[in-house]
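*Asks:* One structure is given below, represented as structure tokens, and several questions about it will come after.
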Amino acid sequence: MYKIGEISNLAGVSKRTIDYYSTMGLLKPVRAESNYRYYSEESLVRLKFIEDLKSNRFTLEEIKEQLSLLDNKLSQVKQEGVMINTDLIVNQVKQLENQIIRLQPKLINMESNQVALSAKQRMLQSMTLIQALLLYINEITSLI
């Protein structure tokens, strides 16, 4: 568990940014009896994910939507007590690869703003998959 200053240093963002993300619900600190906020390793992964998406021009609202979908999926997995279905992840990666292959010839005839939007959507899907994999790995290692 990290205090706000520690996670701030590790992620390379300001404490104020972490406060803002916490207020928005993007990060969920745990309050100790001393009223200190502590952030988990998962929070650090999420923070880096958020910063990666921001650097690729995703809005905080778009990021919040994706994190919400991811949280719902992880919650469902935890509630069902089901181990992570790696076949599902592999299938999602294959679907994403197929979408990219199908899009390549179409991109030639698209206008630049359409190409940018399409690339943004594929990147978001890719980043969401990567985030899910990181969280799954974290979940598995905590069970070991």
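The values are calculated or read from the model by the stated rules, or taken from the named source; none is laboratory data. Owing to the predicted nature of the structure, the values given are computational and were not obtained by experimental measurement. Remember, those area values only see protein heavy atoms, side chains included, never the ligands or the DNA or RNA. Shrake-Rupley method; radii C 1.70, N 1.55, O 1.52, S 1.80 Å.
*Asks:* Each residue of segment 36-47 in order: what ³J(HN,Hα) in whole Hz does its phi give by Karplus 6.51 cos²θ - 1.76 cosθ + 1.60, θ = phi - 60°, with x for Gly and Pro?
*Replies:* With the stated coefficients, segment 36-47 comes to 6, 8, 10, 10, 7, 4, 4, 4, 5, 4, 4, 4 Hz.
*Asks:* Can you send over the solvent-accessible area of M127, 1.4 Å probe, protein chains only, in Å² to the nearest 10?
*Replies:* Counting only protein heavy atoms, M127 exposes about 30 Å² to solvent.
*Asks:* Short version: ³J(HN,Hα) in whole Hz for each residue of segment 55-62, in order, from phi by Karplus 6.51 cos²θ - 1.76 cosθ + 1.60 (θ = phi - 60°), x for Gly and Pro, what are they?
*Replies:* For segment 55-62, the Karplus curve yields 5, 9, 6, 8, 7, 5, 5, 4 Hz.
*Asks:* Please list 3J(HN,Hα) in residue order for segment 26-32, calculated via the Karplus relation 6.51 cos²θ - 1.76 cosθ + 1.60 where θ = phi - 60°; whole Hz, with x for glycine and proline.
*Replies:* 6, 10, 10, x, 9, 8, 8
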